[in-house]
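Comments concern the structure below.
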Amino acid sequence: MTSERKNLDHSAMEGGGFYNENSALQASGISLLQPLWETACQSVGCDGEPLVIVDYASSQGRNSMRPIRAAIDALRRRAGANAPIEVIHTDLPSNDFSALFTALQDDADSYMAGQSSVFPAAIGRNYFEPLFAPGTVHLGWNTFSMQWMSRSPAHVTDHVLAGLSKQPNVIAEVKSQQADDWQRFLKVRAHEMRRNAKLLTAFTAQSDGASGWEWLCGELWAAIEDQVRAGLLSPEELRRLSIPIGFRTLDDIRAPFAVNGQFAGLKLEHSELFKIPDPFWSNYQTSGDRNLLAKGHADLTLAWAGPTLMGFIDPCRDRNALINGLFARFAERIAASPTIHEPYVAVAVLSKV
């Protein structure tokens with residue numbers, strides 16, 4: 001792996017437990033995936049002890065509690081009520097692992113509650129490289145991370161998300177990078193998985209040229225341009241403020257498996273698109289409170305985008321004040337034109353053959 005690839009062009013999610021408190025959209029998506037995950041957990045091979053469940057790109061852990069609990073329950077129904085289980089959470093070194101372990105200890109929904117012989121641990125490394133010894137992992141869970149590219153593949157000047165650029169050369173580079181990242185991710189996961197192991201991965205997606213992020217991230221880009229016109233962000237900072245996120249289609253996901261249904265020792269068992277329900281819209285329809293809707297979406301976006309955007313601002317500046325001002329303006333724009341936000345998520349269930 002090259003030194004360029006080791007340096008990702010994004011940071012971990014907003015720390016201090018903020019991401020845990022502001023990831024309702026991700027939680028909505030995970031609820032849709034739960035039946036597929038439970039089916040995978042029930043059919044995984046249970047040979048070898050201890051049983052190993054990996055939460056790839058865990059962030060601060062709250063949205064992993066129910067899926068990991070379901071996996072523990074499914075494995076123990078087959079391997080025995082006291083079967084030892086290791087649960088290993090992985091994320092970037094900059095991730096707020098202290099919030100993760102606090103949630104494991106204190107969260108009412110913690111998969112540790114009432115359990116014995118469950119052993120949690122964490123790894124702070126990039127998952128585009130191997131994280132485990134060969135043939136170690138029984139179950140892998142990965143959601144809402146693979147839309148992040150391993151690096152920025154192109155210089156983007158017309159949008160805050162690379163995958164929403166209108167420049168054909170940029171989109172071509174994004175597609176190429178995402179195809180490379182997808183194959184790299186699959187290869188290293190296949191190396192780590194045991195025979196008959198299962199992996200579920202889900203990430204923001206695209207259908208018929210739309211991702212569902214056009215309105216929300218369009219307002220974020222407009223807020224950035226507002227801040228530039230006000231002299232609060234420099235034109236040079238504007239040129240850097242592009243997040244390396246793209247959107248795969250189902251065809252993109254299935255491409256490595258096109259020849260015989262397998263790739264790198266993995267079989268694609270299931271792939272599907274869902275629309276994630278807006279977690280704030282029903283309350284807005286009832287209350288009519290535009291500002292509450294705006295705050296929900298602004299805080300949610302700050303939780304996943306804030307640290308990366310902050311890294312693009314000149315370090316000599318008051319970055320916190322600039323980011324806070326940007327997201328306040330973003331919230332104002334959302335409140336001025338409230339729109340339902342229902343993005344696509346793609347899921348792939350894979351098995352080691």
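The values are calculated or read from the model by the stated rules, or taken from the named source; none is laboratory data. Source: prediction; values computed, not measured. Note that each Cβ is placed from the backbone with ideal geometry, even for glycine, and that neighbours are counted across all protein chains shown. Side chains are part of the model used for accessible areas, which takes the heavy atoms of the whole protein and leaves out ligands, DNA and RNA. Shrake-Rupley method; radii C 1.70, N 1.55, O 1.52, S 1.80 Å.
Brief remarks on what is shown
- Residues of region 230-284 that are of a type in the set (K, R) and at pLDDT below 95: R239, R240.
- Cross-chain or 6+ apart pairs with Cβ under 6 Å, region 244-258 first and in contact (Cβ under 8 Å) with a residue 12 or more places away in the chain and of a type outside the set (V, I, T), then surrounded by fewer than 18 Cβ atoms within 10 Å (Cβ to Cβ) and in a helix (DSSP H, G or I): P256/Q183
- Check on S145, under 26 Å from D55 (Cα atoms), touching a residue at least 24 places away in the same chain (Cβ under 8 Å) and open to solvent by less than 40 Å² (accessible area, probe 1.4 Å): yes
- Filter result for the condition that a residue is over 24 Å from V44 (Cβ atoms), crowded, with 17+ Cβ neighbours inside 10 Å and either within 17 Å of the chain's Cα centre (by Cα) or in contact (Cβ under 8 Å) with a residue 24 or more places away in the chain (or both), over V137, V156, V87: V156
- Enumeration of residues in region 118-158 that are touching a Leu at 6+ places or on another chain (Cβ under 8 Å), part of a loop (DSSP other than H, G, I, E, B) and farther than 25 Å from I323 by Cβ: R125
- Tally, over region 32-74, of residues that are more than 19 Å from N196 (Cβ to Cβ) and modelled with pLDDT under 90: 5
- Those residues of region 37-52 which are open to solvent by less than 40 Å² (accessible area, probe 1.4 Å) and not in a loop (DSSP other than H, G, I, E, B), in sequence order: W37, A40, C41, L51, V52
- In region 281-301, the residues that are free of Cβ contacts under 8 Å to residues at least 60 places away in the same chain and either more than 24 Å from the chain's Cα centre (by Cα) or open to solvent by 40 Å² or more (accessible area, probe 1.4 Å) (or both): S282, N283, Y284, Q285, T286, S287, G288, D289, R290, N291, L292, K295
- The single condition among (1) closer than 19 Å to A303 by Cβ; (2) open to solvent by 20 Å² or more (accessible area, probe 1.4 Å); (3) of a type in the set (S, T, N, Q) that N82 does not meet is (1).
- Counting the residues of region 99-114 that are loosely packed, with under 15 Cβ neighbours inside 10 Å and under 16 Å from N82 (Cβ atoms) gives 1.
- Qualifying residue in region 206-225 (condition: touching a residue at least 12 places away in the same chain (Cβ under 8 Å), closer than 30 Å to V44 by Cα and either crowded, with 21+ Cβ neighbours inside 10 Å or under 21 Å from the mean Cα position of the chain (by Cα) (or both)): yes
- Some residue of region 162-176 being small (G, A, S), at pLDDT 95 or above, more than 27 Å from E236 (Cβ to Cβ) and touching a strand residue (DSSP E or B) at 6+ places or on another chain (Cβ under 8 Å): no
- Criterion violated by I68 - all others in (1) touching a helix residue (DSSP H, G or I) at 6+ places or on another chain (Cβ under 7 Å); (2) buried (at least 20 other Cβ atoms within 10 Å of the Cβ); (3) not in a strand (DSSP E or B) satisfied: (1)
To keep it simple, each residue is scored yes or no on (1) more than 22 Å from S271 (Cβ to Cβ); (2) more than 22 Å from the chain's Cα centre (by Cα).
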residue	(1), (2)
T39	no, no
C46	yes, yes
P50	yes, yes
M65	yes, no
A74	no, yes
R77	yes, yes
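- Region 159-200, residues that are outside any helix (DSSP H, G or I), open to solvent by 50 Å² or more (accessible area, probe 1.4 Å) and of a type in the set (K, R): K166, R194, R195
- Counting only helices (runs of 4 or more DSSP H) that fall entirely inside region 250-353 and contain at least 2 residues that are over 30 Å from R194 (Cα atoms), the qualifying elements are 281-287, 290-311, 319-336.
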